[in-house]
1. Give a quick list of chymotrypsin sites (Phe, Trp or Tyr not before Pro) in the range 172-277 that DSSP marks as loop, anything other than H, G, I, E or B, with at most 14 other Cβ atoms within 10 Å.
2. In the range 1-105, which GluC sites (Glu not before Pro) are in a loop and have at most 13 other Cβ atoms within 10 Å, using DSSP for the loop call?
3. Once phi is turned into ³J(HN,Hα) by the Karplus curve 6.51 cos²θ - 1.76 cosθ + 1.60 with θ = phi - 60°, what whole-Hz value does each residue of the range 154-165 show in order, with x for glycine and proline?
4. Say each of Val76 and Asp256 gets a label point 7 Å from the Cα, pointing the same way as Cα to Cβ; how far apart are those two points in nm?
5. What percent of all Cα-Cα pairs in the chain falls into each 5 Å bin, going from 0 up to the bin containing the maximum distance?
6. Please state the charge dipole magnitude for the chain, taken about the Cα centre, from unit charges on C-beta atoms (+1 on K and R, -1 on D and E), reported in debye and rounded to the nearest 20.
7. Percent relative contact order of the range 22-155, based on C-alpha pairs within less than 8 angstrom and at least six residues apart?
8. Calculate, in nm to one decimal, what Arg125 and Ala26 gain on full extension: separation in residues at 0.36 nm each, minus their alpha carbon distance.
Amino acid sequence: MESSKILLITGVSSGFGRALAQEALAAGHKVVGTVRSAEAKREFESLSAKAAFARVLDVTDFDAIDGVVEEIEASVGPVDVLVNNAGYGHEGVMEESPLAEMRKQFDVNVFGAVAMMKAVLPFMRARRRGHILNITSMGGYITMPGITYYCGSKFALEGISEALGKEVEAFGVAVTAVAPGSFRTDWAGRSMRRTPRSIPDYDTIFDPVRKAREEKSGKQLGDPRKAARAMLAAIAAEYPPAHLLLGSDALGLVRDKLSMLEVEIRAWESVTVSTDG
């Protein structure tokens with residue numbers, strides 16, 4: 001086994017966060033997980049008396065994050081790996097969805113992740129080592145109708161991850177954006193926030209997408225434990241990737257998107273270069 005690390009994972013009560021925590025503990029790492037309640041704290045810490053630690057923290061409580069990370073550094077030890085996993089999916093047609101829902105989506109999926117990164121970076125930079133994994137989504141590359149705010153938040157986190165990686169590479173800190181496809185998590189079930197439908201014009205484009213998602217929920221191809229092992233492989237790598245897709249569906253859909261983008265770029269190339277000079 002490679003050397004034991006301390007992982008700080010946000011949102012360890014379910015989904016990828018829970019799967020990664022369990023696999024990391026099984027591999028001999030220590031895990032500090034953020035949870036939303038004292039009960040969830042007790043439940044998580046029961047996974048391992050010596051290696052599972054929990055802290056009650058809402059990633060949108062921006063003023064609390066620095067203090068929690070400082071306390072973890074002081075009492076548990078140096079955070080080697082931050083995994084920004086806390087997040088949720090908002091479902092709703094953009095015209096129907098209030099701006100307040102967009103703010104909530106970005107507060108958790110983008111601002112919460114950035115606040116966590118800003119809290120760990122001074123420590124990682126001082127030590128000249130560290131790794132940040134941001135769980136994005138294939139929805140940070142491809143889009144579909146009815147999850148506009150979600151895709152926007154994941155596109156944002158992809159861009160922030162890539163740019164940050166260039167800023168901190170010289171300090172021995174790596175940043176990996178992990179983009180899963182469809183996995184058997186709660187994302188499309190109880191974790192999803194849905195804006196009520198109100199404009200019939202959108203029924204023909206939205207309804208089939210929602211129906212397909214509901215039918216697939218719980219039967220997705222992706223196994224969260226295998227995703228966790230893939231993330232541990234990235235963490236163990238000497239040169240971790242800046243982008244890591246998870247799942248054959250993500251691979252196919254992202255490749256299709258890139259090839260369609262290339263076709264469109266070529267079609268408009270003469271217009272594109274006509275603006276020079």
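1. Those satisfying the criteria are Trp268.
2. Glu2
3. 7, 4, 4, 5, 4, x, 5, 4, 5, 5, 4, x
4. Using points 7 Å along Cα→Cβ, the separation is 3.9 nm.
5. 1, 5, 12, 16, 18, 16, 12, 8, 5, 3, 2, 1, 0, 0
6. On the way: 33 positive and 36 negative charges, 183 e Å.
It works out to roughly 880 debye.
7. Relative contact order, the range 22-155: 24 percent.
8. 32.8 nm
None of the figures in this text is laboratory data; all of them are computed from the coordinates on show. Just so it is clear, the structure is predicted and the values come from calculations on it, not from any experiment. All Cβ positions, even for glycine, are placed from backbone atoms using ideal geometry, and neighbour counts span all protein chains on display.
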